[in-house]
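Heads up: the structure comes next, in structure tokens.
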């Protein structure tokens, strides 16, 4: 089995647990996820199976979309609703204050992931250190927030919003920062990831549906093909004279790209209409050297 499953992860389950479940359903040892989703969050979790695990570095996962609820009035040590309350206030920001905070947090911003994030420090994830009672602070880093759309108030001092952002953004930290800008403690009460690169809710399936398909022997037919999320890369369909050479891993003349010869991007290679792998121009500008050759193994 080679390809992707777009799993709709339920809240309360770790991304690693989803990978373990897919391993059991497919019997495939090579399974991984393309982007961690917090245990309490729900939403799109791309799962790579078989040879698709080799394509991780080429996925367009920089564009992500989340629906979140920022709850004002309480701050927690985990920046979400599962943590211990660390600050409390009866103050509720005005709509103008929330809108101003959203504008200030749009674009390239400095963000410090929380103590219970998956960021590593000295080889250990911060949440592991925090659970062991060891205080450690993540360094500031630059993340990109494309836009924050505010949808209005919710009960108990919350605001619903949609966030389009880049890779590495922590929505929990974003919610806490919104509160700081509004002069009010805050935390993330709800999170749903609706998009991760090419993967969206439209193609996502709950784990229970995957289990039912596996029991009927139909799960393999529902895999997204290995090249399905690679549409952002240029495509090269090889002339027949190069089909056999390509499958053997022979490097390709850059001239095969024709008018696109000047590209510096990795290229999807197809032989006889079948996805054969990914190659990239060499420094000399003469060859497309293979980065990944998809084999015929099953």
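The values are calculated or read from the model by the stated rules, or taken from the named source; none is laboratory data. Please read all numbers here as calculations on a predicted model, not as lab measurements. All Cβ positions, even for glycine, are placed from backbone atoms using ideal geometry, and neighbour counts span all protein chains on display.
The residue list 43, 12, 20, 32 contains one member that is surrounded by fewer than 18 Cβ atoms within 10 Å (Cβ to Cβ) and assigned to a strand (DSSP E or B), which is 32. When the criteria are applied in full, residue 200 fails the requirement of being loosely packed, with under 14 Cβ neighbours inside 10 Å and touching a residue at least 12 places away in the same chain (Cβ under 8 Å). Restricted to segment 74-102, and to residues there that are under 24 Å from the mean Cα position of the chain (by Cα) and not in a loop (DSSP other than H, G, I, E, B), the residue that is modelled with the highest pLDDT is 102. Evaluated against (1) without any contact (Cβ under 8 Å) to a residue 12 or more places away in the chain; (2) under 18 Å from the mean Cα position of the chain (by Cα), residue 29 falls short on exactly one condition, (2). From the list 142, 162, the one residue that fits, being in a strand (DSSP E or B), assigned by TED's automatic domain parsing to the domain that holds residue 96, more than 25 Å from residue 95 (Cα to Cα) and touching a residue at least 24 places away in the same chain (Cβ under 8 Å), is 142.
Yes/no matrix, rows are residues, columns are (1) at pLDDT 95 or above; (2) part of a strand (DSSP E or B):
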position: 208; (1), (2): yes, no
position: 232; (1), (2): no, no
position: 256; (1), (2): no, no
position: 265; (1), (2): no, no
position: 269; (1), (2): yes, yes
position: 285; (1), (2): no, no
position: 295; (1), (2): no, no
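Only residues that are assigned to a helix (DSSP H, G or I) and out of contact with any helix residue (DSSP H, G or I) (no Cβ under 9 Å at 6 or more places or on another chain) were counted across segment 53-73, and they come to 4. With respect to residue 226, determine if the residue is farther than 30 Å from residue 175 by Cα and without any contact (Cβ under 8 Å) to a residue 40 or more places away in the chain. So residue 226 does not fit the description; no.
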